[in-house]
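Q: One structure follows; several queries about it will come next.
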Amino acid sequence: MSKLIVSRFLQAIPTIWIIATLTFFMTRYAPGGPFDSERAIPEEIKVKLQSHFGLDQPLFHQYLLYFKNLLRGDLGPSFKYPDWEVSELIATAFPVSLTLGLFSLLIALLIGIPAGMLAALRQNSWLDYLPMSLSMAGICLPTFVLGPLLIYTLSTQLGIFPALGWHGPSDWVLPSLTLGLFYASYIARLTRAGMLETLQLDYVRTARAKGASSLRVLTKHAARGGLLPVVTFLGPAFAGLISGSFVIESIFFIPGLGKFFVTAAFNRDYTMVLGTVLFYATLIILLNLLVDLLQAWLDPKSREVR
Amino acid sequence: MTQQSSSLGRDAWLRLRANRMAMLSIYLLLGIFLISLVGPWLSSYSYEQQDLDHIFQSPGKNHLFGTDNLGRDVFARTTYGGRISLAVGLLATLVSLVIGVTYGMLSGYLGGRMDAWMMRAVDVLYSLPFIIFVILLMVLFGRNFLLLFLAIGAVEWLTMARITRAQTLNLKKAEFVEAARALGYSHSRILFRHLLPNLIGPIIIYATLTVPAVMLLEAVLSFLGLGVQAPMSSWGSLIKEGAEKMDAAPWLLFFPGSFFCLTLFALNFLGDGLRDALDPKSSKD
């Protein structure tokens, strides 16, 4: 187990370095710069600003400087919000995205797993067909269609939940539901398939023969193997939740990290773009490691160092 | 069974024809393709023609799908958007196909340490939030159509590479490959003349499933305002406009949204059906 962790960390370092380098040069070679705003800044001020942030130095020198600061954990100041450090901006915006992501995942698991188990237990009955048809619809209904529909029905027409903004828990419902339902659909299908396979295995039959109650067979014996596909899916799901949050934040006007990132890219806020990309990449790598550990714990066969 | 003319392709076709959902999906897709192709010609309005005297008209005789906030005909815009969305879907899938199949075949064929490294790279890439790079690329270098294809294609090739590699690994031990090698054929000839034709089945299946994924990504980009530019339309950009004006004119969301969802639905069902038909061993789901 510890071998897995160590090897993953050793892999993560070059991965993150490549990502950072790629992003660095991509932003710098893109047309435009952080101080080319629509209202013209006098040339002297622009030159001064550029020299203040070291943008007049040779590119490779800037690159080295950025990495030197990065090694000390310093992401630098934002170019667009000069009073703010990039890390401060991330610390402000990320909790919003995290709340959204966690609630969506919770909804996805709470709906998806029971629905999939039910469908597997009562295969080929209406308890199977109904949730599976709904989940197919859920997969084909993109968040940016479902979101407006939910706003229209639950907010505009019925007035149960507020439609836009991010002020209190009641604002969390619609965005999390929009993002969560898609993953609930997916998880329901994976759970059903995994459970169907596991329920046929000998050890489940043995448990049944011992006279264990069907609930106990389901939760104690079959779930461990049957939920493996769901755990494997969690890795891509985390990445998906992050990309999904870009859309959700744009639909519901939520001040999350996704929105900050897109704005920063538009503004050519180099440090902010780089900082956000690095943050996301690290997060994803850590979450993937977590998923792998979870998988190793559930499935002894996968306990080998890759 | 006694008929000897029962080839693999024919068997697959018979199995596919027995799958009612898959057949329905084929008809639905053909219908959507046809409407998108001829719709812009059939309509007496162009997709960009504004008519400020007739804004927000509900669907009716003059405008089948109504008009938008600038008086543009929604039918013309939806079908025209369909052309763009479908074109992006197909072309970007092609890009991902070329990258993925080449990479996968090479990895599987070379084998050994090279294979291990190449697949490890795919694993690493798999775990990255590519959408971030695609967004970054589109924002930084402008909304260039060619770039859109390349960016989307470059994201969606990973699974294709894995599938192709696994198949290549199996096939390269087969006798016909050994025979080709014994005949002294070059590696590229073995790869493209002998291995590739035998990979077509899984490639088709997965390509069918890639098209909806690609279309979804294009729609996400368009929805964020990074896809095609006005006055051009794609289903994604139309859905964005529709979502903004949902209260005043729900049909602006309804028509492009329905076309888009139905297409995704049909493509997913068709992909599943093809998988069952071409590879009976792999169970559904």
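Q: Could you identify the single residue in A:Pro148, A:Pro114, A:Pro95 that is of a type outside the set (Phe, Trp, Tyr), in contact (Cβ under 8 Å) with a residue 60 or more places away in the chain and assigned to a helix (DSSP H, G or I)?
A: Details: A:Pro114 fails: in contact (Cβ under 8 Å) with a residue 60 or more places away in the chain; A:Pro95 fails: in contact (Cβ under 8 Å) with a residue 60 or more places away in the chain.
None of the other options fit; the residue is A:Pro148.
Q: Let me ask something else about it. Quick test of your reading of the structure: A:Pro114 fulfils all but one of (1) open to solvent by 50 Å² or more (accessible area, probe 1.4 Å); (2) modelled with pLDDT of 85 or more; (3) touching a Leu at 6+ places or on another chain (Cβ under 6 Å). Name the failing condition by number.
A: (3)
Q: Take the residues in the range A:160-193 that are farther than 30 Å from A:Ala120 by Cα and within 13 Å of chain B (Cβ to nearest Cβ), then tell me which one is surrounded by the fewest Cβ atoms within 10 Å (Cβ to Cβ).
A: Initially, the range A:160-193 is screened for residues farther than 30 Å from A:Ala120 by Cα, giving A:160-172.
Narrowing the set further to residues that are within 13 Å of chain B (Cβ to nearest Cβ) leaves A:163-164.
On the way: A:Ala163: 18, A:Leu164: 14.
Applying the filter and picking the extreme gives A:Leu164.
Q: Please go through (1) modelled with pLDDT of 80 or more; (2) open to solvent by 30 Å² or more (accessible area, probe 1.4 Å) for A:Leu49 and return the number of the only condition it doesn't satisfy.
A: Going through (1) modelled with pLDDT of 80 or more; (2) open to solvent by 30 Å² or more (accessible area, probe 1.4 Å) one by one, A:Leu49 breaks only (1).
Q: Hey, does the range A:143-151 have a residue that's open to solvent by 50 Å² or more (accessible area, probe 1.4 Å) and more than 14 Å from chain B (Cβ to nearest Cβ)?
A: No, the conditions are met nowhere in the range A:143-151.
Q: Within the range A:244-259, how many residues turn out to be within 24 Å of B:Leu125 (Cα to Cα) and open to solvent by 30 Å² or more (accessible area, probe 1.4 Å)?
A: Matching residues across the range A:244-259 total 1.
Q: Just give me the residues in the range A:194-206 being open to solvent by 40 Å² or more (accessible area, probe 1.4 Å) and within 11 Å of chain B (Cβ to nearest Cβ), in sequence order.
A: Across the range A:194-206, the qualifying residue is only A:Glu197.
Q: Could you check the range B:117-161 and list, in sequence order, the residues that are touching a residue at least 24 places away in the same chain (Cβ under 8 Å) and polar (S, T, N, Q)?
A: Within the range B:117-161, just B:Thr159 meets the criteria.
Q: Tell me which residues, restricted to the range B:123-134, are open to solvent by less than 30 Å² (accessible area, probe 1.4 Å) and touching a Pro at 6+ places or on another chain (Cβ under 9 Å).
A: B:Ser127
Q: Name the single residue that is farthest from the other protein chains (Cβ to nearest Cβ) among those in the range A:247-306 being assigned to a loop (DSSP other than H, G, I, E, B) and more than 29 Å from A:Gly225 (Cα to Cα). First the steps, then the outcome.
A: From the range A:247-306, those assigned to a loop (DSSP other than H, G, I, E, B) are A:253-256, A:268-269, A:299, A:303-306; that's our starting set.
Narrowing the set further to residues that are more than 29 Å from A:Gly225 (Cα to Cα) leaves A:253-256, A:268-269.
Values: A:Phe253: 12, A:Ile254: 14, A:Pro255: 16, A:Gly256: 14, A:Arg268: 8, A:Asp269: 11 Å.
Only one residue fits best here, namely A:Pro255.
Q: Hey, could you check the range A:72-94 for residues that are surrounded by fewer than 20 Cβ atoms within 10 Å (Cβ to Cβ) and in contact with a Gly (Cβ under 9 Å, 6 or more places away or on another chain) and say which is nearest to A:Pro175 (Cα to Cα)?
A: A:Phe94
Q: Among B:Leu137, B:Leu148, which is the only one that is crowded, with 18+ Cβ neighbours inside 10 Å, away from every other protein chain (no Cβ under 14 Å) and out of contact with any Pro (no Cβ under 7 Å at 6 or more places or on another chain)?
A: Answer to the selection: B:Leu148.
Q: Going by what's in this entry, would B:Val74 be described as more than 14 Å from chain A (Cβ to nearest Cβ), modelled with pLDDT under 80, touching a Leu at 6+ places or on another chain (Cβ under 9 Å) and buried (at least 21 other Cβ atoms within 10 Å of the Cβ)?
A: Values: more than 14 Å from chain A (Cβ to nearest Cβ): yes; modelled with pLDDT under 80: yes; touching a Leu at 6+ places or on another chain (Cβ under 9 Å): yes; buried (at least 21 other Cβ atoms within 10 Å of the Cβ): yes.
Considered against the rule, which asks whether it is more than 14 Å from chain A (Cβ to nearest Cβ), modelled with pLDDT under 80, touching a Leu at 6+ places or on another chain (Cβ under 9 Å) and buried (at least 21 other Cβ atoms within 10 Å of the Cβ), B:Val74 comes out as yes.
Q: Looking at (1) farther than 23 Å from B:Phe223 by Cβ; (2) more than 16 Å from the chain's Cα centre (by Cα); (3) touching a residue at least 60 places away in the same chain (Cβ under 8 Å), which one does A:Leu289 not meet, given that it meets all the others?
A: (2) is the only condition that A:Leu289 fails.
Q: Further question on the same structure: Quick check on my filter: what residues within the range B:190-231 are outside any helix (DSSP H, G or I), buried (at least 18 other Cβ atoms within 10 Å of the Cβ) and not small (Gly, Ala, Ser)?
A: B:Leu224, B:Leu226, B:Val228
Q: Which members of the range B:166-189 meet the condition of being open to solvent by 60 Å² or more (accessible area, probe 1.4 Å) and either in contact with a strand residue (DSSP E or B) (Cβ under 7 Å, 6 or more places away or on another chain) or assigned to a helix (DSSP H, G or I) (or both)?
A: Across the range B:166-189, the qualifying residues are B:Gln167, B:Asn170, B:Glu175, B:Phe176, B:Glu178, B:Arg181, B:Ala182, B:His187, B:Ser188, B:Arg189.
Q: Tally the residues that are among the aliphatic types (A, V, I, L, M), under 23 Å from the mean Cα position of the chain (by Cα) and farther than 26 Å from B:Pro256 by Cα, restricting the search to the range A:116-142.
A: 0
Q: Here's something else I'd like to know. Out of A:Ile19, A:Ile13, A:Ile5, which single residue is among the β-branched types (Val, Ile, Thr), closer than 19 Å to A:Ile284 by Cβ and open to solvent by less than 30 Å² (accessible area, probe 1.4 Å)? Steps first, answer last, please.
A: Details: A:Ile13 fails: open to solvent by less than 30 Å² (accessible area, probe 1.4 Å); A:Ile5 fails: open to solvent by less than 30 Å² (accessible area, probe 1.4 Å).
None of the others qualify; the one that does is A:Ile19.
Q: Hey, among the residues in the range A:121-142 that are open to solvent by 40 Å² or more (accessible area, probe 1.4 Å) and free of Cβ contacts under 8 Å to residues at least 12 places away in the same chain, which one's nearest to the other protein chains (Cβ to nearest Cβ)?
A: Only one residue fits best here, namely A:Ser133.
Q: Same structure again: Filter the range B:19-59 down to residues that are under 24 Å from the mean Cα position of the chain (by Cα), open to solvent by 60 Å² or more (accessible area, probe 1.4 Å) and either under 27 Å from B:Ala248 (Cβ atoms) or free of Cβ contacts under 8 Å to residues at least 24 places away in the same chain (or both), then give me how many there are.
A: Going through the range B:19-59 one residue at a time, the tally reaches 5.
Q: Another question, then. What are the pairs, 6+ residues apart or on separate chains, where a residue within the range A:258-269 that is of a type in the set (Ser, Thr, Tyr) has its Cβ under 9 Å from a residue that is open to solvent by less than 50 Å² (accessible area, probe 1.4 Å)?
A: Cβ pairs passing all conditions: A:Thr263/A:Asp269; A:Thr263/A:Met272.
Q: In the range B:236-247, how many are within 10 Å of chain A (Cβ to nearest Cβ) and either open to solvent by less than 10 Å² (accessible area, probe 1.4 Å) or not basic (Lys, Arg) (or both)?
A: 7
Q: Return the residues of the range A:212-271 that are at pLDDT below 80, in contact with a Gly (Cβ under 9 Å, 6 or more places away or on another chain) and among the β-branched types (Val, Ile, Thr); say none if nothing qualifies.
A: A:Ile242
The values are calculated or read from the model by the stated rules, or taken from the named source; none is laboratory data. Owing to the predicted nature of the structure, the values given are computational and were not obtained by experimental measurement. Note: ideal-geometry Cβ built from the backbone for every residue, glycine included; neighbour counts use all protein chains shown. SASA here: full protein model, heavy atoms, side chains in, ligands and nucleic acids out. Shrake-Rupley method; radii C 1.70, N 1.55, O 1.52, S 1.80 Å.
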